[in-house]
Structures are given as C-alpha cells and as structure tokens.
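Quick one: the structure is below, and I'll ask about it shortly.
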Ligand SMILES: Cc1ncc(COP(=O)(O)O)c(C=O)c1O
C-alpha cells in the first residue's frame, strides 16, 4: 500500500528489522518504522541496561504489541515524542496530569521552592499547607501522611488497618490494582507476580466487584480475621467500572458490622472525579483513604489518611512504623498546593466534564451508526472505550474484552496522533487543558480507527 509519504513497504530495506517489530497501524510498516525511528533505536539500547526498557511494566506495550514510544516533552494536552510526532494525550501519565502537562502554576511553585533546597528530612510549612487542604476537601481525612507514591500509600494504609484491628486479612476485588506491594499484588486479576510469600497470598481475599454477596460470603468464612475491605470506589483497571447502586454503602455496612475498616483507594479518583474524590461524589465516608497521582499535579506523591484516632497509631505517636526520606518534600508539596489551589475552582471539573461528554457523545453516535461492539463507561474525566459486547461491571465481565481489536485501535490512533493507555483495561483520562478542538480532532480519527480495529 502506498503510504502518506509515497513510500512502499519495500522501499526502505534498512528498516526491515524495525518494521518486523511493529504491529499494524494506520500506515504501512516501512513508514511506521520511519515515523518511530528514534524511538525504535532507543528501545533497542535501553533494554541492555533497564529490564524490558521500562521502569514500570505498564509502560511497555505488552498488551498492544510493539515498542513503547519515547517522549521528549509535554505541554497541556499534547505530547511530543523523540521523532517529533505530536499526540493528543489521553494517558495523562496514568492520572497525575489533571491540569494537563507542565501546568504553569505547578512548575513555577515547584521551581521556586527547589531553589531553596529540595529536601530537608525535617518538617516544612508546605506539608502543613497541603495537609490542611486535603483534610478540608475530604471530611473523612482528619489527619494525613504524605508518601511518595500510590503504592506506598496503600501499603501503609494496609499495615495501619492490620495494626488497628489486630487482624491480618485484607479483602479486595478481582481485577483491582492497588500498587505493587506484596499484600495487594498477591492474587488480583490482570496483574500478578511471582516472588510473593505464600503467607501474603493467603492473607489476601478476593471478592467480585459490584457483588455484595461475594463480600458477605468471605466474611462468613473468615469472620474475625479480616482487617479491611480495600476498594477503588470507581475501578480504573478493568475498564472504568462505576459502583452499582448501594455497592459502596453496602461495603461500609458490612465492614462496620464485622469490625473491619473500609479503605478507599482513591489514588486515581481522588481530586479527579470530584474535588473531594469519589467519597464526596457518592457520599460515603471510608475509614482510611489513599491518594496519589492527581494530588501532585505531576509531582511524585502519595498520601493516606483517616480519623485522628486511627492515624495516631502511626509512629511516633503509636507503634506502626512508616517512614520515607523524600516523604513530604517541599518540592512535591509545593506542586500539590498549587494543584489543589487551581482545582478548587470548579471550572476545571466543568471543563473536563464538558470535554468528556463531547467525546462520548461522538463515540456513542459512531457506535449506533456502525454497531461497533464497544461499551462507553466513564466517571467524569476518567473514561473507558471498552472493547466488549456488553457492560463491564466486574472482573469476570472484563475477561470478555477483545484485546487484539483494542491493539489495532490503539496503534491506528497512535499513528494518527492520539495517545491512549497502551492497555485495553486501564482507564483513559483527560485534563482541564483539553480543548474542544482536541476532542473534535480525536473524534475525526475514531471512525477509521474503529473500522480498522474491527474490520482490519
Ligand atoms: C488505584 C491505584 N492504586 C494504587 C496505585 C499505585 O500507585 P503508584 O503507581 O503511584 O505507586 C495505582 C497506580 O496505577 C492505582 O491505579
């Protein structure tokens, strides 16, 4: 097939090796090899010094094939790769880029603080400033600890729940992702790992999302040994799955009845689906909340918090140890304060809601017109174009997702400058920097992309 540049598949023999590594996309293999030339060269090199070429396995294109694109810079809703290709971004760095990339207020605040010292290993007034803002936004969080990632937040909240209740087991949901600590990676669905202690695996129980009976069942069998229910109030790792009517309230009631804690993992949803997170949106007060991603507006952050009574179990007040050299460092705290001060203005959420509903209205029309087997599921700016023939409400239903069709869809859009998460399961997001024009440009590529995905 002649390409946009007038080349043919065999016109560039030096790229044969690179071509063979590329899945099909919008252009012929030779042209794709040229388009991603610098990425492909870096991908070869980096694998000699970094396992799989990535510092986090999600980033590799394992679920869609091909090589992960190397980016050079990002601004607002756009990404630029090392070959100079630009993309409208719907990955949002997997969540943090809620204001778009490199938002001026965050960059300015972080740079200003950096000049006065990036880390002291001692308290700083910006920790107080951010803690006050978090606590005001989330009434369930009277007291909060800052850490460096969502993984740390969940890992620490789980330890705290175990210490507070004097119990060992954690009940979570198949298909959920809560970071890479042993307790929460033991079984799960789309992600798992070897190298985890058997004891750790045995202390993690899995229920089905949106199914209170499966939760009750586990409590009946293990009453007295479950420390906490750990749940994403809107699940972002098996499509975007919203909680059914009464699900979160049901979890709260079950936890209370059995003396367990309810932990909301709001690492994605916190400050994304609403200023005070999903707990404000759904009116449920968890015992502990984990935050990360959007809270830092691009700076590496995690946080967990709850009532003063529970949080006072942490050292130095209590006996639960959790620490970190970089926890609460002033640069990250400055980024967080600047981010929340902007997000407090509701216009950011209104803009994201408007853009997301424009995108979904356009997609819905295409779905109706051509009968594509896709489900459109979203909560605010967090959305899933799910390649399944029916709604996905739990892990079992997420297994019906057509991963090969999604991979074709992904690569077509990549070639056309639209960057989705490289996974059929993970939530896409948009930011308050996305414009109506971004959505129109994206929608213009959706029909051919869906056609390519389903009809080849
Ligand atoms: C719901 C949820 N919890 C926890 C984590 C772990 O966060 P981090 O990658 O910052 O360690 C993630 C990351 O994707 C997540 O989506």
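Between rounded, prolate and oblate, where does segment 59-177 land on the alpha carbon gyration tensor, with a ≥ b ≥ c its root eigenvalues, rounded for a/c under 1.5, else prolate if a/b exceeds b/c?
Note, shape of segment 59-177 comes out oblate.
Which FRET efficiency value, to the nearest 0.05, do you get for residue 396 and residue 45 by plugging their Cβ-Cβ distance into 1/(1 + (r/R0)^6) with R0 = 45 Å?
The pair residue 396/residue 45 has a calculated efficiency of 0.65.
Only bridges whose two residues both fall in segment 104-343 count here: according to DSSP, what percent of them are antiparallel, nearest 5?
40
Based on the mean of other Cβ atoms within 10 Å per residue, sort peptides 94-105, 409-420, 257-268 so the most packed one is first.
In descending order of packing, they fall as 257-268, 409-420, 94-105.
Here is a further query. For a test of the definition: using alpha carbon positions, the gyration tensor, and the 1.5 limit on a/c, classify the chain as rounded, prolate or oblate.
Note, shape of the chain comes out prolate.
Another one. What's the center-to-center distance, using Cα atoms, between segment 20-46 and segment 209-229 in Å?
48
With the Cα gyration tensor of segment 183-256 giving a ≥ b ≥ c as the square roots of its eigenvalues, does the rule (a/c under 1.5 for rounded; else a/b larger than b/c for prolate; else oblate) give rounded, prolate or oblate?
Taking the square roots of the gyration eigenvalues as a ≥ b ≥ c, segment 183-256 is oblate.
Where the centroid of each part is defined by its Cα atoms, how far is segment 405-447 from segment 353-403 in Å?
Value for the Cα centre distance between the two parts: 13 Å.
Compute the label zone of residue 436 within segment 344-369: residues whose backbone N is under 16 Å from the point 7 Å along Cα-to-Cβ.
350-362
Further, regarding this structure: Expressed as a whole number of Å, what is the distance separating the alpha-carbon centroids of segment 311-327 and segment 88-149?
One Cα centre to the other: 20 Å.
Another question about this same structure. Rounded to the nearest 5, what is the percent of antiparallel bridges among the DSSP beta bridges in the chain?
Given both bridge residues lie in the chain, the antiparallel proportion sits at roughly 55 percent.
Round to the nearest 10 and give me the degree value, 0 to 90, for the angle of helix 436-455's Cα axis relative to the longest principal axis of the chain.
70
Values quoted throughout were computed directly from the atomic coordinates according to the rules given, and no laboratory measurement underlies them. Keep in mind it's a predicted model, so treat the numbers as computed, not measured. Glycine gets a Cβ as well: all are built from the backbone with ideal geometry, and neighbour counts include every protein chain shown.
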